[in-house]
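The values are calculated or read from the model by the stated rules, or taken from the named source; none is laboratory data. Because the structure is predicted, anything quoted here is derived from the model rather than measured. Don't worry about glycine lacking a Cβ; one is built from the backbone with ideal geometry, like all the others, and counts go over all protein chains shown.
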Amino acid sequence: MSDYKHDVVFDHEYDGIQEFDNKLPNWWLFILYATIIFSVAYWLLLHTYGLGELQIEKYDSEMAAAQELMLAQASAGGITDESLTLAASLPDKVAEGQALFNTYCVVCHSARGEGLVGPNLTDAYWVHGGKPTDIHRIITDGVPAKGMAAWGSQLGPTRVEKLSVYVVSIMNTNVSGKAPEGELVE
């Protein structure tokens, strides 16, 4: 037997359709109230108190982990244009290279790479090749005829790679500075 004594019909009617005043099922009300409680708790814990990781933060950390994995796989075959370009998209790798750049390279290339004695590293013109592997080779071996020191023996391969990653990251940012030198590299 039903819990309802009788169906109550509202007094209004639209297009021949009558509306009943029936009670909502308990399971439906439970889902509604549980959703409201969950949303308030979620907002307070994650947004107000910051006690958890938001979805965008989870996404960013997963993407960084995936890029690190791709970089590790690309680096397994040695230094390539792809591995240096991929590393240049990782902020922590760029920051490590920037610290080295600020220590060793600002004297000739200025703080933002716009060039002083050395060429502008932020434009699309390169004197000795503008591919990432060319940049790595130039940093490692230097260009004695132009006054560029060979940093490979002083810094070691790991720091040269970090420095190369930073230079690749500032390529084509076009910071105003020294006039373009060399050939256009696309």
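For segment 129-136, the condition holds for at least one residue, the condition being that it is more than 29 Å from Ala66 (Cα to Cα), modelled with pLDDT under 90 and out of contact with any Phe, Trp or Tyr (no Cβ under 6 Å at 6 or more places or on another chain). Counting only residues that are among the charged types (D, E, K, R) and either surrounded by 23 or more Cβ atoms within 10 Å (Cβ to Cβ) or more than 19 Å from Gln98 (Cβ to Cβ) (or both), how many does segment 140-160 have? Residues flagged as among the charged types (D, E, K, R) and either surrounded by 23 or more Cβ atoms within 10 Å (Cβ to Cβ) or more than 19 Å from Gln98 (Cβ to Cβ) (or both) within segment 140-160 amount to 2.
Summed over segment 121-168, the residues that are closer than 17 Å to Val185 by Cα, touching a residue at least 12 places away in the same chain (Cβ under 8 Å) and over 25 Å from the mean Cα position of the chain (by Cα) give a count of 5. Out of the residues in segment 80-139 that are part of a helix (DSSP H, G or I) and of a type in the set (D, E, K, R), state the one that is surrounded by the most Cβ atoms within 10 Å (Cβ to Cβ). Per the criteria, the residue is Lys93. Confirm whether Glu53 is farther than 17 Å from Ser169 by Cβ and either at pLDDT below 90 or under 22 Å from the mean Cα position of the chain (by Cα) (or both). Considered against the rule, which asks whether it is farther than 17 Å from Ser169 by Cβ and either at pLDDT below 90 or under 22 Å from the mean Cα position of the chain (by Cα) (or both), Glu53 comes out as yes. Pairs meeting the criteria (first residue in segment 55-68 and under 21 Å from Leu84 (Cα atoms), second residue acidic (Asp, Glu) and exposed (fewer than 12 other Cβ atoms within 10 Å of the Cβ), beta carbons under 7 Å, at least 6 apart or on different chains) are lacking. If Phe20 satisfies every condition in (1) over 47 Å from the mean Cα position of the chain (by Cα); (2) modelled with pLDDT of 90 or more but one, which is the exception? Single failed check for Phe20: (2). Thr35 meets each of the listed conditions (1) modelled with pLDDT of 85 or more; (2) surrounded by 10 or more Cβ atoms within 10 Å (Cβ to Cβ); (3) part of a loop (DSSP other than H, G, I, E, B) apart from (3).
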